[in-house]
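Below is one structure; the comments refer to it alone.
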Amino acid sequence: MPTLYRKYRPQSFSDVTGQDTIVQTIQNEISLNRLAHAYLFSGPRGVGKTTLARLFAKAVSCEKRKNGKYEPCNDCPACDQINRGRHIDIIEIDAASQTGVDNVRENIIENAGVMPTVLKYKIFIIDEVHMLSTSAFNALLKTLEEPPAHVIFILATTELHKLPATVVSRCERYAFKKIAYDKMLERLQNLCKEEKVKVDREVLERICRKSDGGLRDAESLLGQILSLNLKEIKMEDAQIVLPLSSADTIINYLKSILDNNPGAAITLINEQAEEGVNLDQFAYDLIETLRTMLLILMNPDKKATDTEFSAETMKEFRALANALQADKLLTLIDLALKRRGELKFAPLPQLPLELLAVEAAGLASHNSNLLKQNNEIPITKENLPEKPVAAKEPPTKKIAAKSISTTLDQIRGRWSEVVEKASTDIPSLGFILSMCSLVDISGDVLTMSVPFELHKEKLESAKNKVVVEQCLETTFAEKIRLSYTVVRENKLETNDLEMTKLATDFGGVVV
């Protein structure tokens, strides 16, 4: 019995889910008979690239399709043979298993020089084309530059960045997107009706979240659940086949560390590792989730109508984003980016994500903060001050100040202009600068406070400092130098005793 996604693979353009703009453009080209000699379909796996390539080949080759129309008849000999994957003039090649230059010469270049046996066009569908070797690409390039009039190439890839620019530039390009949540859910509901099985909406929603925008993955998961051979399937029936989605797992991971419970987050990461989850992909999904939360904060009124996440998941994201706010969210993104970069070199693959959980524990809590930075005095319940405390910093060499006419009030009055100018050069600077407080100006030195040491380090980097100073000079027509200090809000730091206990609980050694 064929798998569900093979059984219900779209046989006409009207059956394609979630790629409306691409489908419409290709339909227009076919109906107007304005075909390119090479197409490049790029995008995530399981979103319809190969399906649409076959539909294109079938529509172009259909013997009964009338002028000005684009849908294949699915009845003529050509359509029948293409549906069966047996037509001699439609050549599908898996570049992942045929990477060498010899295969390209034999299967593509030499074959392209021969006229079609039956059809008007000989169509080559090359899947995972990024897997071709450099020499194979060079050999293919000549044919793409000067293709025979009877040949059409359709290249499909999940990794566009690996293709040579010379190849990309000779193709008509289409960027496929992940399938939107609502459209995927509707597709799964229709498949359940076709199979005459009642599946709880909760199960279908879990499938959509687990599939991360990949319709083929969603249909495969649904097929596994339908194999339970029940007339009605509830969540308890599907639990064995259907583990938590990546979105659910990431939400639980974030909730644990933000609730100051890194132990739960570490347990979750180890469970993922034991289940064989790709932790690099988990880290990527985590960063993508944090980016989504940042976009939610930046555009609170914008509705996510075209997203692979459910309304319930987006609600969770909004709650987490509001708990963090922009400053802490930026800090967490920085930490996640840093730890993901360490995954390839870590002695234990889960270790960087465990460290991230400990570092970020309690980031959104009112009575907790990031792990204390170097050169800062730990704050405990016993010595908690009533006023904000500035973090101690190593003494710096004083530079003689020059007198300027610009006042602190003038800078405060036009600070938004400075932030906007800096954001134009380096977008992330805008977020950090908007959290700064203008403390004092002495001579030509402007002192600003930031909430975290990490922000201070970023602002003091040579590139960022030059950009901000140039923006100030452009705005006030005077050279103004910068000095930064860390001023924390009235919040508890994790003290040495707590850190020692935490490390001991996780089997670590404190040195």
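The values are calculated or read from the model by the stated rules, or taken from the named source; none is laboratory data. Remember, it's a predicted structure, so these values are computed and weren't measured experimentally. When we count neighbours, we look across all protein chains shown, and the Cβ atoms used for this are built from the backbone with ideal geometry, even at glycine. Please note that ligands, DNA and RNA were not included when accessible areas were found on the heavy atoms of the full protein model with its side chains. Shrake-Rupley method; radii C 1.70, N 1.55, O 1.52, S 1.80 Å.
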*Remind me, relative contact order of region 195-298 in percent, using alpha carbon pairs under 8 angstrom and six or more residues apart?*
25
_Can you give the FRET efficiency to the nearest 0.05 for ASN260 and GLU202, using r as the Cβ-Cβ distance and R₀ = 41 Å?_
0.85
*Roll a 1.4 Å probe over the protein heavy atoms and report the accessible area of TYR121 in Å², nearest 10.*
40
_Could you tell me how far the Cα centroid of region 414-467 sits from the Cα centroid of region 150-198, in Å?_
43
*Using only protein heavy atoms and a 1.4 Å probe, report how much of THR50 is accessible, in Å² to the nearest 10.*
30
*Show which aspartates and glutamates lie in cross-link reach of LYS421 when reach means a straight Cα distance below 18 angstrom and same-chain residues fewer than eight apart are skipped.*
GLU460, GLU469, GLU473, GLU478
*Using the structure shown, select from LYS142/LYS177; LYS338/LYS456; LYS210/LYS328 the pairs with a Cα to Cα distance greater than 21 angstrom.*
LYS142/LYS177; LYS210/LYS328
*Computed label-point distance, nm, for sites THR424 and ALA477 using a 7 Å Cα→Cβ extension*: 1.9
*Separation of the SER434 and SER416 label points, Cα + 7 Å toward Cβ, nm*: 1.2
*Quick one: how many lysine pairs does region 1-108 have with C-alpha atoms less than 23 Å apart and a gap of 8 or more or different chains? Give me the count, please.*
6
*Just how much of CYS192 is accessible, in Å², when a 1.4 Å probe is used and the result is rounded to the nearest 10?*
10
*Could you tell me whether region 38-118 comes out rounded, prolate or oblate from its Cα gyration tensor? Rule is a ≥ b ≥ c as square roots of the eigenvalues, rounded for a/c under 1.5, then prolate if a/b exceeds b/c, otherwise oblate.*
oblate
